[in-house]
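The values are calculated or read from the model by the stated rules, or taken from the named source; none is laboratory data. Keep in mind the model is a prediction, meaning the values are calculated, not measured. Backbone-built Cβ (ideal geometry, glycine too); neighbour counts: all protein chains shown.
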Amino acid sequence: MTIIQKIAYETWPSTFGQVLPPEQINYMLDLIYNESSLRRQILENGHNFILAEKDSLALGFTSYEISYKGRPQLMIHKIYILPAAQGLGIGSKFLHLLSDIALKSDNKRLQLKVYFENTKAIGFYEKHGFKNIGTEKTDIGNDYIIQDNVMVKELQ
């Protein structure tokens, strides 16, 4: 199992355990984090992954895509921090780093999607200047529909 998979499998139950049934969490983890899916995200979809480490221990990761959908915006696909490492400023550091990457790539906006019931993450993003611009529903198969808030932050 890769470090990315290990972090996802440890983080998702605490992140989504109160709002999604365990079978849906397991389905989504397998769908998004199986080796061929991760390979496709990187090689075909242009996702870049960054690990947060301290003392050689991986504490979290983010993934992003520059010029998402051909527009001058950086799409943040994922930010997951191990439960024990949350509150240490890693998420904020990721957002600052992603803002720098976006601006260096002439991307003037950050965009992300966050599960509409993930109030902790929504509050975190709002605190960092993101605004909700709508919702998006996605059929992920197995009779599961995911509803996300689409959030953006304009960069200077």
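Screening residue 88 with (1) over 22 Å from residue 144 (Cβ atoms); (2) part of a helix (DSSP H, G or I); (3) over 16 Å from the mean Cα position of the chain (by Cα) gives one miss only, at (2).
Only one entry of 33, 9, 64 meets the criterion of being of a type outside the set (A, V, I, L, M), over 29 Å from residue 109 (Cα atoms) and touching a residue at least 24 places away in the same chain (Cβ under 8 Å), and that entry is 9.
Is it true that residue 76 is of a type in the set (Val, Ile, Thr), under 14 Å from the mean Cα position of the chain (by Cα) and crowded, with 20+ Cβ neighbours inside 10 Å? Yes; evaluated as a whole, the condition is true for this residue. Within segment 61-73, can you find the residues that are buried (at least 18 other Cβ atoms within 10 Å of the Cβ) and either in a helix (DSSP H, G or I) or not hydrophobic (A, V, I, L, M, F, W, C) (or both)? Matches in segment 61-73: 62, 63, 64, 65, 68, 73. Of all residue pairs spaced 6 or more apart or on separate chains, those with beta-carbon atoms under 7 Å, a first member in segment 85-108 that is at pLDDT 95 or above and a second member that is exposed (fewer than 13 other Cβ atoms within 10 Å of the Cβ) and acidic (Asp, Glu) are 108/154.
Take segment 98-156 and flag every residue that is part of a loop (DSSP other than H, G, I, E, B), over 16 Å from the mean Cα position of the chain (by Cα) and over 18 Å from residue 65 (Cβ atoms). 129, 142, 143, 156 - these are the residues of segment 98-156 that are part of a loop (DSSP other than H, G, I, E, B), over 16 Å from the mean Cα position of the chain (by Cα) and over 18 Å from residue 65 (Cβ atoms). Looking only at segment 9-49, which residues are surrounded by fewer than 16 Cβ atoms within 10 Å (Cβ to Cβ), of a type in the set (A, V, I, L, M, F, W, C) and not in a loop (DSSP other than H, G, I, E, B)? Hits for segment 9-49 are 31, 42, 43.
Just one of (1) within 13 Å of the chain's Cα centre (by Cα); (2) aromatic (Phe, Trp, Tyr); (3) farther than 19 Å from residue 9 by Cβ fails for residue 49. It is (3).
In segment 142-156, the residues that are under 14 Å from residue 102 (Cβ atoms) and of a type in the set (Asp, Glu) reach residues that are in a strand (DSSP E or B) and at pLDDT 95 or above with C-beta atoms within less than 8 angstrom, at least six apart or across chains, in these pairs: 154/109.
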